[in-house]
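The values are calculated or read from the model by the stated rules, or taken from the named source; none is laboratory data. This one's a predicted model, so the numbers in the text were calculated from it and none came from an experiment. Note that we place each Cβ from the backbone using ideal geometry, even for glycine, and neighbour counts take in every protein chain shown.
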Amino acid sequence: MKNLYDYSYEKLQFHLVNAGFKLYNATQVFQWLYKKRITDFDQMSNISKHLRTYLKNHFTTSQIGCFTQQEAEDETVKFLFSLDDKHLIETVWMHHYYGDSLCVTSQVGCNIGCSFCASGLKKKTRNLRVSEMVLQVLKAEALQNQRVSHVVLMGTGEPFDNFENVMDFIDIINHPHAFEIGKRHITVSTAGIVPKIDAFAKRQSQVNLAISLHATNDALRSKLMPINKVYPIKKLLDSAKRYTETTHRRVTFEYLLLKGVNDSMKDADDLSDLLRGLNCYVNLIPYNSVAEFNYQGSDLATQERFYKRLLKRGITATLRQEKGADIDAACGQLRIKEDE
Ligand code: SAH
């Protein structure tokens, strides 16, 4: 049996029409699942008995479980959700002045192998299904008794290594009969898989794209992010440029500030030179230490200096505020401690 939450609106329409039902039945099903949040087919009262029986025989609406949940001093909440095959995944709820955002996981583990990132300590076991991403949002909203206004694909995993499922997930959270989260309120972060950046620009031109850059030369970037050996900086920036041309949208570069590694004034200058002329902005991320690695975050004064240098050299930048650090929910700290 298939999980009904695996279906994008178009795929559900296609399936139902093929089975002899009507296009509008997909609207009804979506509204029960996502507007009214009903999981029991018998309660879907405006759906014919015939279709309800069909749905019962072909689909489940099975949910994900909540294994634990922790709340940080700043009220950031980290959920540890459990999947059908007992794998655990992390999802983080953050409060911002502009609304609430959910940081969603796209894979069990990660194969990208960035040398500073806790998520990569556990190799990828498998991609998440569409339903498992959708259910992170549904479950978190049910537990918080609140809706999120923003979704960021910045949890564990590389979203572009699970491309098709992530695209369907975006369709569902954006769909007017489902969550209705605006495309500009959805952000996908990638380590830089160039062909997928091109595909994404064509498929989802209004969804925000963030690229993890973290270094200004190939030698250092390859050390930090082995994926750079496949898609080096020049190729990556060329794809970012194509992205801005295709979508007419600004691209975000994430730049982690690592003490003594990439945080000198020369690095700031190199970064500005590299990005000059590109329709982009830089999101500077303070590094959250990971016990297994030797990297340290730059001190506050250095972060400020780096940030101001970029501005002075004409590059738009923000210095990210960390959330949830005391519960290991901060950016890059997601890892499954309970799952060992
Ligand atoms: N695979 C995607 C999503 C990763 S999470 C990507 O690579 O973009 C989002 C961001 O957190 C990435 O920029 C990632 O490099 C960064 N990150 C990883 N570990 C971190 C840490 N310990 N502290 C701060 N940021 C970290």
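Scanning the stretch 73-94 for residues that are on the phi < 0 side of the Ramachandran plot and free of Cβ contacts under 8 Å to residues at least 24 places away in the same chain returns 82, 84, 85.
For the stretch 60-76, the count of residues that are within 30 Å of residue 323 (Cα to Cα), among the aliphatic types (A, V, I, L, M) and in contact with a helix residue (DSSP H, G or I) (Cβ under 9 Å, 6 or more places away or on another chain) is at least one. For the stretch 205-237, a tally of residues being in a helix (DSSP H, G or I), free of Cβ contacts under 8 Å to residues at least 24 places away in the same chain and either under 20 Å from the mean Cα position of the chain (by Cα) or farther than 17 Å from residue 267 by Cα (or both) returns 1. State the number of residues belonging to the stretch 115-152 that are assigned to a loop (DSSP other than H, G, I, E, B) and either among the polar types (S, T, N, Q) or over 30 Å from residue 222 (Cβ atoms) (or both). Result for the stretch 115-152: 8.
Report yes if some residue within the stretch 218-227 is away from the ligand (no atom under 16 Å from the Cβ) and surrounded by 15 or more Cβ atoms within 10 Å (Cβ to Cβ); otherwise report no. For the stretch 218-227, residues away from the ligand (no atom under 16 Å from the Cβ) and surrounded by 15 or more Cβ atoms within 10 Å (Cβ to Cβ): absent. When 189, 106, 101, 115 are screened for being touching a residue at least 40 places away in the same chain (Cβ under 8 Å) and over 26 Å from residue 249 (Cβ atoms), only 115 passes. Out of 130, 137, one residue alone is more than 16 Å from the ligand (Cβ to nearest atom), crowded, with 22+ Cβ neighbours inside 10 Å, free of Cβ contacts under 8 Å to residues at least 60 places away in the same chain and under 16 Å from the mean Cα position of the chain (by Cα). It is 137.
Within the stretch 81-114, the set of residues being in a strand (DSSP E or B), modelled with pLDDT of 95 or more and over 21 Å from residue 170 (Cβ atoms) comprises 82 only. Counting the residues of the stretch 88-100 that are in contact with a helix residue (DSSP H, G or I) (Cβ under 8 Å, 6 or more places away or on another chain) and within 14 Å of the ligand (Cβ to nearest atom) gives 2. Scanning the stretch 11-56 for residues that are among the polar types (S, T, N, Q) and over 20 Å from residue 170 (Cα atoms) turns up 18, 25, 39, 43, 45, 46, 48, 53.
Contact map, the stretch 54-72: first residue within 18 Å of residue 143 (Cα to Cα), second residue hydroxyl-bearing (Ser, Thr, Tyr), Cβ cut-off under 6 Å, separation 6 or more or different chains; pairs are 61/39; 65/82; 67/82.
Consider the stretch 140-178 and keep the residues that are closer than 18 Å to residue 95 by Cβ and in contact (Cβ under 8 Å) with a residue 60 or more places away in the chain. The one that is farthest from the ligand (Cβ to nearest atom) is 142. If you take the residues in the stretch 179-198 that are assigned to a helix (DSSP H, G or I) and within 16 Å of the ligand (Cβ to nearest atom), which one is surrounded by the most Cβ atoms within 10 Å (Cβ to Cβ)? That would be 197. Name the single residue that is farthest from residue 202 (Cα to Cα) among those in the stretch 247-302 being surrounded by 18 or more Cβ atoms within 10 Å (Cβ to Cβ), hydrophobic (A, V, I, L, M, F, W, C) and within 11 Å of the ligand (Cβ to nearest atom). This residue is 290.
Being of a type in the set (A, V, I, L, M, F, W, C) and farther than 23 Å from residue 62 by Cβ narrows it down to one residue among 108, 148, 130, 152; which is it? Answer to the check: 152. Among the residues making up the stretch 109-124, those that are out of contact with any Asp or Glu (no Cβ under 9 Å at 6 or more places or on another chain) and either more than 8 Å from the ligand (Cβ to nearest atom) or acidic (Asp, Glu) (or both) are 109, 113, 115, 120, 123.
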